[in-house]
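Working notes for the structure below.
Read-outs: derived from the displayed coordinates by stated rules, not from any lab. Given the structure is predicted, the values throughout are model-derived calculations rather than measurements. Glycine also receives a Cβ, built like all others from the backbone with ideal geometry; neighbour counts cover every protein chain displayed.
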Amino acid sequence: MGSMSATRTHCPYCSMQCGVSVNLPRTGPRAATIEPQEDFPTNRGGLCSKGWTATSLLDHPDRLLTPLVRSVPGDRTSALVPATWPEAIGVIVTAIEAAQGHGRDAVGCFGGGGLTNEKAYQLGKFARVALRSAAIDYNGRFCMSSSATAGNRAFGIDRGLPFPLSDIAEAKAVLLVGGNPADTMPPAMQYFDAGRAAGAVHIVVDPRLTSTAAGAALHLAPRPGTDLALANGLLHIAIRDGVIDHDYIAERTSGFDQAAAAVSSFWPDRVERITGVPVAQLRQVVAHLAAAESAMILTARGTEQHRNGTDTAQAWINLALALGLPGRPASGYGTITGQGNGQGGREHGQKADQLPGYRKLDDPAARAHVAAVWGVDPEELPQPGLSAFEMIDRLGTAGGVRALLVFASNIVVSAPDANRVAARLAALDFLMVSDIFLSETAAMADVVLPTAQWAEEEGTMTNLEGRVLHRRRALPPPPGVLDDLQALTAIASGLGRGQYFSDDPRTVFDELRRASAGGIADYAGITYERIDDEQGVFWPCPSTDHPGTPRLFADAFGTPDGRARFLPTEYAEPSEVPSRAFPFVLTTGRTMAQYQSGNQTRRIRALTHTGPTVQMHPDLARRIGVGADDIVAVLTRRGRAHFRAQVDEKIRRDTLFVPFHWGGASSANALTEAALDPHSRMPAFKVCAANAERIGGA
Ligand code: SF4
């Protein structure tokens, strides 16, 4: 490249983890540019606007370049002022030791689905070995935990897509439920587009006519929160019409009779009454899926973020199994992960109930295996702790966490019922946040640590297909900025446990490989060199001479008997339904230009052309006297937030949609409800009762 150095790495944002090349002029080390890798097998030269502008994060003027501490220790109304790393680590260690006076579980960690596998692994180990605390969970609990739980129950393995993205282009029918990749991960659309161009029938289920739905052959717009009834209704029709695959059910599954009994009362007209989807459309969907020589059902957050999200994902799995899809070529069930390391982030131990390799923390054999790798007594390892929101909701209470260490997560924007979350954070004795910018959560902290970001770090990420990728360092972090592995090692050393930790990513990854060996997510055979040579390696990969596993379930499922499990699924109304005071349904989601809590993308000028909006149908807008671009207050039982009105016919007449990328006065999560799914403990972000009123003109 002459005067440039080019490093092949991956976009910092979503689970596509598009392959990019970061080009660094030798004359100006921080004036980096980015371009897509034409030959990378997922994005194949594609990038979205977020990826194209990602290098703006590296030299952004808001970048944190030094640790910050309170000018008056313990007083969060005092200013955050620069400190040295030894000073900041000293404050953190002192606060941890003080909180441990209330018991080891009084110190907690909160991780993120954007952390590399090495960091996620190290954070889980840090909580169990350095803090010896049960209190650790992460923001992935808000993101994909319901379909992960359902996948584990049904298939014995949770891998978002059990096949490569390219299989989507081969499927003759695709049913996509509650996902909008055309806006959230545009490079993935090349596979959908190729399938459609080849004559495949695509069906999208979404209360909005999204960009993805607009290109589909059929769009179903159910009332938010009724997907389980919809899936049960489709299975009912498939059974009644005699299009289920009896041989597959007999040879490869268990539990069909109970699942069939559970859908026997989901007559099409009843399902139409519950969901609002016309019977004719229900019949069309079943006919398309049954007639196709290959078909897949894909789900995303829209179907999962409900108080019955796990059972809803299971209902879609039941339909896929009844039609004989999982394990067949260009067919099956998959779920589209959102966060950059949404897949790897839930495999290596930062979940409350989990050890590396997707092992269970309450399994004696798993504890013994991992304890041996870590060089500790299995008896020392804590038992499973509380899930993310349950931990947050007890912060600062008797028996709850009193000192919280947050990595790569902006909880006060991304957790449900944000005002309640802010109150709980304020009740802590001590809060530490590691981030690249001063997020809304970091602004509440006692100590803020500046951390290295994507192009400045070495490590691995696992994309939505289960393909393990190498995040390569293109340039060093700015002076004064350390990596989270270094910060964790320094804190552990301050606690007298530093001997258990390394801050070298390769050393940590090699340890992760040993800890995961023999587990569900087995990385034992994956090395940085293999990833580089093979453009990523799919887990499970139990040995260095194993080719990796792009496609799961061709011969057997991951359950003890090798059969996939049907489970009966019962429908219940959402915990909040419209009332006189709150006559509409509120749902939340993403927009193309922003990512997650917006802590990064809101700072990039090229991405700020869209602000916080509330989408509503013209009929609803007329009913409340709102015109396009008016300022509207949206109200729920928990809070109130302001948005600019986006009035169009691409949404149900009873539904309001707000994106969740903003905090403060436009916080979508000030409105959402923290009703938790009983199995995954995922909150019901996607549905609550709301009202709206005009508060200002355009
Ligand atoms: Fe980055 Fe995702 Fe956009 Fe690809 S699709 S460029 S990974 S944000």
### Message
Can you return the lysines within cross-link range of residue 125? Criterion is Cα-Cα under 21 Å, with same-chain partners fewer than 8 residues away left out.
### Response
351, 360
### Query
So for the chain, taking the charge dipole from beta-carbon charges (+1 Lys/Arg, -1 Asp/Glu), which of 236, 264, 423 sits furthest toward the positive end?
423
### Query
Assigning unit charges at the beta carbon (Lys, Arg +1; Asp, Glu -1) and nothing else, what dipole magnitude in debye, to the nearest 20, does the range 145-336 show about its Cα centre?
340
#### Entry: Signed unit charges on C-beta, dipole axis of the chain, positive-most listed residue 586, 146, 344
586
### Query
Magnitude of the Cβ-charge dipole of the range 4-57, K/R +1 and D/E -1, about the Cα centre, nearest 20 debye?
160
### Task
Counting only DSSP beta bridges with both residues in the range 584-696, tell me the antiparallel percent, nearest 5.
60
### Task
Report ³J(HN,Hα) in whole Hz for each residue of the range 309-317, in order, from the Karplus equation J = 6.51 cos²θ - 1.76 cosθ + 1.60 where θ = phi - 60°; Gly and Pro get x.
x, 5, 5, 5, 4, 4, 4, 5, 5
#### Entry: About the Cα centre, charge dipole magnitude for the chain (Lys/Arg +1, Asp/Glu -1 at Cβ), debye
1340
### Query
Given the chain, what whole percent of its Cα pairs are spread farther than 46 Å?
14
## Note on the structure
Given backbone amide H placed at 1.01 Å from N, residues whose amide H is under 5 Å from that of residue 482, ignoring those fewer than 5 places away on the same chain, are 452
#### Entry: Bridge type composition, the chain - antiparallel percent by DSSP, nearest 5
45
### Message
Quick check on the range 322-424: take the gyration tensor over C-alpha atoms, sort the square-rooted eigenvalues as a ≥ b ≥ c, and tell me if it's rounded (a/c under 1.5), prolate or oblate.
### Response
oblate
### Query
Quick one: Karplus J couplings for the range 189-203, per residue in order, coefficients 6.51, -1.76, 1.60, θ = phi - 60°, nearest Hz, x for Gly and Pro?
5, 4, 6, 5, 4, 5, x, 5, 5, 8, x, 5, 9, 10, 10
### Query
How large is Rg/Rh for the range 145-336, to two decimals, with Cα atoms and a Kirkwood Rh?
0.92
### Summary
So, relative contact order of the chain in percent, Cα under 8 Å, 6 or more apart, is 19
### Query
Using mean Cβ contacts within 10 Å as the protection proxy, how do 551-562, 608-619, 421-432 order, highest first?
421-432, 608-619, 551-562
### Query
Where does each of 152-163, 310-321, 265-276 land if you order them by average Cβ count within 10 Å, highest first?
310-321, 152-163, 265-276
## Note on the structure
Burial-style ranking of 94-106, 685-697, average other-beta-carbon count within 10 Å with highest first, yields 685-697, 94-106
### Task
Mind checking the full-extension length gain between residue 214 and residue 265? Use 0.36 nm per residue of separation minus the Cα-Cα distance, one decimal, nm.
15.2 nm
### Query
Check residue 537: other-chain or 5+ apart residues with amide H under 5 Å from its amide H, H built from backbone geometry?
468
### Query
Counting pairs of alpha carbon atoms under 8 Å apart in space and at least six apart in sequence, what relative contact order in percent does the range 4-57 give?
30
### Message
Using a Cα-Cα cut-off of under 15 Å, which aspartates and glutamates could be cross-linked to residue 50, ignoring same-chain neighbours fewer than 8 residues away?
### Response
35, 183
### Query
Is it possible to state the helix-based mean residue ellipticity at 222 nm for the chain, with each DSSP H run of 4+ residues giving -39500 (n - 2.57), the sum divided by total residues, to the nearest 500 deg cm²/dmol? What is it?
-7500 deg cm²/dmol
### Task
Multiply the residue separation of residue 533 and residue 640 by 0.36 nm, subtract the distance between their alpha-carbon atoms, and state the gained length in nm to one decimal.
33.3 nm
### Message
Show me, for the range 17-23, the HN-Hα J-couplings you get by feeding each phi into the Karplus relation (A = 6.51, B = -1.76, C = 1.60, θ = phi - 60°), rounded to Hz, glycine and proline as x.
### Response
6, 3, x, 10, 10, 9, 9
